[in-house]
1. Output the strands (runs of 3 or more DSSP E) that fall wholly within segment 287-369 and possess 3 or more residues being closer than 27 Å to Leu127 by Cβ and touching a Ser or Thr at 6+ places or on another chain (Cβ under 8 Å), or say none.
2. Quick one: is Val117 crowded, with 24+ Cβ neighbours inside 10 Å and either without any contact (Cβ under 8 Å) to a residue 60 or more places away in the chain or under 30 Å from Pro354 (Cβ atoms) (or both)?
3. Which is in the same structural domain as Gln195 (by TED's automatic domain parsing), buried (at least 18 other Cβ atoms within 10 Å of the Cβ) and acidic (Asp, Glu), of Asp320, Asp300?
4. Give me a count of the residues in segment 257-274 that are over 28 Å from Tyr186 (Cβ atoms) and either at pLDDT below 95 or crowded, with 23+ Cβ neighbours inside 10 Å (or both).
5. Can you confirm whether segment 223-235 contains a residue that is surrounded by 17 or more Cβ atoms within 10 Å (Cβ to Cβ), in a loop (DSSP other than H, G, I, E, B), hydrophobic (A, V, I, L, M, F, W, C) and out of contact with any Pro (no Cβ under 6 Å at 6 or more places or on another chain)?
6. With the condition kept exactly as written, say whether any residue in segment 190-200 is within 17 Å of the chain's Cα centre (by Cα) and either at pLDDT 95 or above or not β-branched (Val, Ile, Thr) (or both).
7. Restricting to segment 357-397, what's the tally of residues that are closer than 16 Å to Val295 by Cα and surrounded by fewer than 18 Cβ atoms within 10 Å (Cβ to Cβ)?
8. In segment 38-57, what count of residues is obtained for those that are of a type outside the set (Lys, Arg), at pLDDT below 95 and crowded, with 22+ Cβ neighbours inside 10 Å?
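The values are calculated or read from the model by the stated rules, or taken from the named source; none is laboratory data. Because the structure is a prediction, the values reported are computed rather than measured. Counting neighbours? That spans all protein chains shown, and the Cβs are built from the backbone with ideal geometry, glycine included.
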Amino acid sequence: MTKQNLIERPTSRRDFLKSSALLGGVLAAPALLPGKLLGAAGGGDTLRLGLIGCGGRGSGAAANALSADKNVVLTALGDAFADRVQNSLKNLQAAHPDRVKVSPETCFVGLDAYQKVIESGVDVVILATPPGFRPVHLKAAVAAGKHVFCEKPVATDAPGVRMVLEAAAEAKRRNLSIVSGFCYRYNHGVRAIMQQVHDGGIGEVRALYTTYNTGYVWAPFPRQPEWTDLQYQVKNWYYYTWLSGDHLVEQAVHSLDKMAWAMRDVPPVKCVAHGGRQVRTAPEFGNIFDHFSIVYDYPDGVKGFHFCRQQMGCANDNSDYIMGSDGVAHIVRAFSGPFVLKGKTNWRYRESKPSDMYQNEHDELFAGIRNGKPINDGVAMAHSTLVAIMGRMAGYTGQEITWEQALNSQETLVPEINGWQTAVAVPPVALPGQTKFI
């Protein structure tokens, strides 16, 4: 596979930190301290922000947070790798010189970096490490009384989803915010068309069709002699199921989240799937698939169809169709639209100046903290993640998987990590019909 066939290594969707690479941060046993900010803060109070996972995505989220509220300052950075911390710090200082109050003592590197950021006295944390680590980080942040921005997906296996649901319930009890990185829920155009659907603009929903067909994401990093197996896997986290959940769970989950939203977050009853690894077969691509097709069965006979692939040289598409008894809702180019209803009701969303859904997430997070009305996306973000995980389970095994089976699965992908020398066995690429459901 030549470099010309690959998109360059990870970049932020937020057009921030163009030169940054992947996300860091890994789990260790948390030592929790009580947080001071359990609810609202006055508009003049300074809120201290900590970033956990300093790649392009996390650094972009930190920039959005600093732009969301004039009395937010960034005070701590944490990542598994020192270069990620320093790159992030340099870029954030350039963009917000008066708002970045990070010292050498609050730059944390290593397996316990997330824990040290949480303990550093911050009020709000951004969780942007590889998804496999997110449940432990979220649990630790909530237990310490922190408000959270949590990137998607929120887990890579069912035990992780269950941990997230527990953390979400605890955050609700403690009046803490959890805003998720399912950014389309903060897109004004998608909100408007979903409201049309929920208000009966296309009649009763009968079927849904979503696609996330694209090329490769980024080239794997070549193995360096000094890296342990674990360091190599975390550097190339996208290509290992335990870290990313597979591209269905990491990327295409956005489409499945919109499907879930259209269905008012009522979960599917079951699903069947096809999937495999046709093109991206070299060992450096870990153990993930490069394509899936899934059929979800919802209550009352509603069908959800999803197709995704990461293959070069193929037709790309990222669209959502919601088909009802009286018309069709169509989301094209979901960042900016058009957002259209056709049928008995003809409707098109128009916004004179398209809003930035990434910025909207943080605007609403901090507004909720300030006015004492915290947002808790916990259950929806966990359920949308599980919709993707059950699709992966069906694709990997070739079996029909029910929602209850997926939610209660005992398959633990994320290992217990005790240091960079921890041996992490990588399962072989799944073979439908042979790989077993656990």
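1. The strands (runs of 3 or more DSSP E) meeting that bar are 303-310.
2. No, not satisfied.
3. One residue alone meets the criteria, Asp320.
4. Total satisfying the criteria: 1.
5. Looking for residues that are surrounded by 17 or more Cβ atoms within 10 Å (Cβ to Cβ), in a loop (DSSP other than H, G, I, E, B), hydrophobic (A, V, I, L, M, F, W, C) and out of contact with any Pro (no Cβ under 6 Å at 6 or more places or on another chain), one finds none in segment 223-235, hence no.
6. no
7. Of the residues in that region, 0 qualify.
8. Final tally of qualifying residues: 2.
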